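S.K.: Below is one structure. I have some questions about it.
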Ligand SMILES: CC(C)(COP(=O)(O)OP(=O)(O)OC[C@H]1O[C@@H](n2cnc3c(N)ncnc32)[C@H](O)[C@@H]1OP(=O)(O)O)[C@@H](O)C(=O)NCCC(=O)NCCS
(Lines give C-alpha, C1' and ligand atoms only; values in the text may rest on other atoms or scores of the structure.)
Protein backbone atom coordinates (compact mmCIF):
# COMPACT_ATOMS: atom_id res chain seq x y z
CA UNK A 1 0.00 0.00 0.00
CA UNK A 2 1.19 3.51 -0.82
CA UNK A 3 -0.11 6.39 1.30
CA UNK A 4 0.85 9.89 2.43
CA UNK A 5 3.59 9.98 5.07
CA UNK A 6 2.66 11.46 8.45
CA UNK A 7 4.38 12.18 11.76
CA UNK A 8 3.77 8.64 13.04
CA UNK A 9 6.04 7.31 10.27
CA UNK A 10 9.01 9.50 11.29
CA UNK A 11 11.01 6.96 13.27
CA UNK A 12 10.48 4.16 10.72
CA UNK A 13 11.44 6.40 7.81
CA UNK A 14 14.45 7.72 9.71
CA UNK A 15 15.59 4.14 10.40
CA UNK A 16 15.22 3.33 6.70
CA UNK A 17 17.22 6.45 5.81
CA UNK A 18 20.10 5.71 8.15
CA UNK A 19 20.11 2.05 7.08
CA UNK A 20 20.35 2.58 3.35
CA UNK A 21 21.33 6.14 2.46
CA UNK A 22 24.98 7.29 2.69
CA UNK A 23 23.76 10.88 3.28
CA UNK A 24 20.71 10.28 5.53
CA UNK A 25 18.29 12.98 6.59
CA UNK A 26 17.86 13.73 10.27
CA UNK A 27 14.48 13.43 12.02
CA UNK A 28 14.31 17.24 11.97
CA UNK A 29 14.87 17.33 8.21
CA UNK A 30 12.08 14.79 7.72
CA UNK A 31 9.78 16.76 10.02
CA UNK A 32 10.55 19.91 8.01
CA UNK A 33 9.35 18.20 4.84
CA UNK A 34 6.18 16.90 6.51
CA UNK A 35 5.40 20.44 7.66
CA UNK A 36 6.26 22.03 4.30
CA UNK A 37 3.10 22.48 2.24
CA UNK A 38 5.21 22.42 -0.94
CA UNK A 39 6.42 18.88 -0.21
CA UNK A 40 4.72 15.59 -1.03
CA UNK A 41 5.81 12.54 0.95
CA UNK A 42 4.66 9.00 0.31
CA UNK A 43 5.40 5.79 2.18
CA UNK A 44 5.10 2.19 1.02
CA UNK A 45 3.66 -0.06 3.73
CA UNK A 46 3.71 -3.84 4.00
CA UNK A 47 2.49 -5.70 7.12
CA UNK A 48 2.33 -2.35 8.96
CA UNK A 49 6.01 -1.65 8.28
CA UNK A 50 7.49 1.15 6.20
CA UNK A 51 9.42 -0.51 3.36
CA UNK A 52 10.01 2.55 1.20
CA UNK A 53 9.43 6.25 0.97
CA UNK A 54 9.66 9.18 -1.40
CA UNK A 55 9.77 12.96 -1.03
CA UNK A 56 9.34 15.61 -3.73
CA UNK A 57 9.29 19.36 -3.20
CA UNK A 58 8.04 22.12 -5.50
CA UNK A 59 9.56 25.57 -5.94
CA UNK A 60 7.52 27.73 -8.32
CA UNK A 61 7.08 25.65 -11.50
CA UNK A 62 9.81 23.07 -10.83
CA UNK A 63 9.47 20.01 -8.62
CA UNK A 64 12.57 18.27 -7.29
CA UNK A 65 12.87 14.62 -6.29
CA UNK A 66 14.47 14.95 -2.85
CA UNK A 67 14.52 11.26 -1.84
CA UNK A 68 13.39 7.83 -2.93
CA UNK A 69 14.47 4.80 -0.94
CA UNK A 70 13.23 1.22 -0.82
CA UNK A 71 14.51 -1.33 1.73
CA UNK A 72 17.00 -3.62 -0.06
CA UNK A 73 14.96 -6.78 0.52
CA UNK A 74 11.91 -5.24 -1.18
CA UNK A 75 13.64 -3.85 -4.27
CA UNK A 76 12.86 -4.85 -7.85
CA UNK A 77 9.22 -5.74 -7.17
CA UNK A 78 7.70 -2.44 -8.24
CA UNK A 79 7.74 -0.45 -4.97
CA UNK A 80 9.94 2.38 -6.32
CA UNK A 81 7.70 2.63 -9.40
CA UNK A 82 4.58 2.74 -7.24
CA UNK A 83 6.05 5.51 -5.05
CA UNK A 84 6.97 7.52 -8.14
CA UNK A 85 3.57 7.04 -9.78
CA UNK A 86 1.62 7.99 -6.65
CA UNK A 87 3.84 11.03 -5.93
CA UNK A 88 3.52 12.34 -9.51
CA UNK A 89 -0.22 11.64 -9.50
CA UNK A 90 -0.64 13.75 -6.38
CA UNK A 91 1.62 16.45 -7.81
CA UNK A 92 -0.51 16.64 -10.99
CA UNK A 93 -3.69 16.88 -8.96
CA UNK A 94 -2.34 19.69 -6.76
CA UNK A 95 -0.16 21.69 -9.15
CA UNK A 96 -1.13 21.90 -12.78
CA UNK A 97 1.47 24.60 -13.46
CA UNK A 98 4.58 22.48 -12.76
CA UNK A 99 6.72 22.38 -15.92
CA UNK A 100 9.54 20.02 -14.94
CA UNK A 101 10.41 17.41 -12.36
CA UNK A 102 14.17 17.33 -11.80
CA UNK A 103 16.59 15.24 -9.74
CA UNK A 104 20.23 14.40 -9.20
CA UNK A 105 21.45 10.82 -9.18
CA UNK A 106 24.89 9.32 -8.70
CA UNK A 107 26.41 8.60 -12.09
CA UNK A 108 27.05 4.99 -11.02
CA UNK A 109 23.49 4.37 -9.77
CA UNK A 110 22.30 2.42 -12.78
CA UNK A 111 19.25 0.96 -10.94
CA UNK A 112 17.85 4.41 -10.19
CA UNK A 113 18.80 5.79 -13.62
CA UNK A 114 16.89 2.91 -15.28
CA UNK A 115 13.89 3.56 -13.03
CA UNK A 116 13.87 7.25 -13.98
CA UNK A 117 14.37 6.51 -17.69
CA UNK A 118 11.43 4.12 -17.55
CA UNK A 119 9.23 6.98 -16.36
CA UNK A 120 10.39 9.41 -19.05
CA UNK A 121 13.20 11.29 -17.27
CA UNK A 122 16.14 12.16 -19.49
CA UNK A 123 19.66 13.42 -18.79
CA UNK A 124 19.80 17.21 -18.58
CA UNK A 125 23.36 17.77 -17.34
CA UNK A 126 26.14 16.76 -14.96
CA UNK A 127 27.16 18.30 -11.62
CA UNK A 128 30.85 17.55 -11.10
CA UNK A 129 31.66 16.02 -7.69
CA UNK A 130 28.14 16.67 -6.47
CA UNK A 131 28.19 13.73 -4.03
CA UNK A 132 30.31 12.84 -1.02
CA UNK A 133 30.93 9.46 0.69
CA UNK A 134 32.25 8.62 -1.91
CA UNK A 135 32.83 11.67 -4.06
CA UNK A 136 31.06 11.29 -7.40
CA UNK A 137 29.44 13.27 -10.21
CA UNK A 138 25.67 13.75 -10.12
CA UNK A 139 23.61 13.35 -13.27
CA UNK A 140 20.81 15.88 -13.52
CA UNK A 141 17.67 14.29 -14.93
CA UNK A 142 14.45 15.97 -15.95
CA UNK A 143 10.88 15.01 -16.76
CA UNK A 144 8.77 17.46 -18.75
CA UNK A 145 5.33 17.48 -17.17
CA UNK A 146 3.46 19.58 -19.68
CA UNK A 147 4.21 17.29 -22.62
CA UNK A 148 2.63 14.34 -20.73
C1 LIG B 1 16.25 3.10 -7.04
C2 LIG B 1 15.21 2.34 -6.19
C3 LIG B 1 14.34 3.35 -5.46
C4 LIG B 1 14.35 1.50 -7.15
O5 LIG B 1 13.31 0.93 -6.37
P6 LIG B 1 12.66 -0.47 -6.77
O7 LIG B 1 11.49 -0.69 -5.89
O8 LIG B 1 13.69 -1.53 -6.77
O9 LIG B 1 12.19 -0.19 -8.28
P10 LIG B 1 11.16 -1.01 -9.16
O11 LIG B 1 11.08 -2.43 -8.69
O12 LIG B 1 9.91 -0.25 -9.26
O13 LIG B 1 11.91 -1.01 -10.57
C14 LIG B 1 11.47 -0.20 -11.65
C15 LIG B 1 12.50 -0.25 -12.76
O16 LIG B 1 13.71 0.32 -12.35
C17 LIG B 1 14.81 -0.38 -12.95
N18 LIG B 1 15.58 -1.05 -11.88
C19 LIG B 1 15.32 -1.02 -10.57
N20 LIG B 1 16.29 -1.69 -9.90
C21 LIG B 1 17.16 -2.13 -10.84
C22 LIG B 1 18.36 -2.88 -10.77
N23 LIG B 1 18.87 -3.32 -9.60
N24 LIG B 1 19.01 -3.13 -11.92
C25 LIG B 1 18.54 -2.70 -13.10
N26 LIG B 1 17.38 -2.01 -13.24
C27 LIG B 1 16.71 -1.72 -12.11
C28 LIG B 1 14.20 -1.39 -13.89
O29 LIG B 1 14.01 -0.77 -15.13
C30 LIG B 1 12.87 -1.64 -13.21
O31 LIG B 1 11.88 -2.11 -14.09
P32 LIG B 1 11.78 -3.69 -14.38
O33 LIG B 1 11.80 -4.38 -13.04
O34 LIG B 1 10.48 -3.82 -15.11
O35 LIG B 1 12.98 -4.04 -15.21
C36 LIG B 1 15.92 1.36 -5.19
O37 LIG B 1 16.86 0.59 -5.91
C38 LIG B 1 16.60 2.06 -4.03
O39 LIG B 1 15.98 2.35 -3.01
N40 LIG B 1 17.91 2.32 -4.18
C41 LIG B 1 18.67 2.98 -3.12
C42 LIG B 1 18.31 4.45 -3.00
C43 LIG B 1 18.54 5.19 -4.28
O44 LIG B 1 19.49 4.92 -5.02
N45 LIG B 1 17.67 6.16 -4.55
C46 LIG B 1 17.78 7.02 -5.72
C47 LIG B 1 18.57 8.20 -5.39
S48 LIG B 1 18.63 9.35 -6.74
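The values are calculated or read from the model by the stated rules, or taken from the named source; none is laboratory data. On a predicted model such as this, the values are computed, not experimentally measured, just so you know. Every residue, glycine as well, gets a Cβ built from its backbone with ideal geometry; the counts of neighbours run over all protein chains shown.
S.K.: Of all residues in the range 105-133 being in a loop (DSSP other than H, G, I, E, B) and in contact with a strand residue (DSSP E or B) (Cβ under 9 Å, 6 or more places away or on another chain), which is farthest from residue 69 (Cα to Cα)?
M.R.: If we filter the range 105-133 for residues that are in a loop (DSSP other than H, G, I, E, B), which is where we start, we get 107-109, 119-121, 132-133.
Then keep just the ones that are in contact with a strand residue (DSSP E or B) (Cβ under 9 Å, 6 or more places away or on another chain); that gives 107-109, 119-121.
Details: 107: 17, 108: 16, 109: 13, 119: 16, 120: 19, 121: 18 Å.
Looking at the filtered set, the residue picked out is 120.
S.K.: Ok, one more. As an exercise: evaluate residue 20 against (1) under 14 Å from the mean Cα position of the chain (by Cα); (2) modelled with pLDDT of 95 or more and give the number of the one condition it does not meet.
M.R.: Going through the list (1) under 14 Å from the mean Cα position of the chain (by Cα); (2) modelled with pLDDT of 95 or more, residue 20 breaks only (2).
S.K.: Within the range 58-70, can one find any residue that is more than 13 Å from the chain's Cα centre (by Cα) and within 14 Å of the ligand (Cβ to nearest atom)? Give the derivation first.
M.R.: Within the range 58-70, the first condition is being more than 13 Å from the chain's Cα centre (by Cα), and the residues that meet it are 59-62.
Narrowing further to those that are within 14 Å of the ligand (Cβ to nearest atom): none.
Taking every residue of the range 58-70 in turn, none turns out to be more than 13 Å from the chain's Cα centre (by Cα) and within 14 Å of the ligand (Cβ to nearest atom).
S.K.: Just need a number here: residues in the range 74-101 that are crowded, with 17+ Cβ neighbours inside 10 Å and either within 15 Å of the ligand (Cβ to nearest atom) or more than 15 Å from the chain's Cα centre (by Cα) (or both).
M.R.: Total meeting the criteria: 10.
S.K.: Related question: In the set 62, 2, which member is within 17 Å of residue 121 (Cα to Cα) and surrounded by 12 or more Cβ atoms within 10 Å (Cβ to Cβ)?
M.R.: Numbers: 2 fails: within 17 Å of residue 121 (Cα to Cα).
None of the other options fit; the residue is 62.
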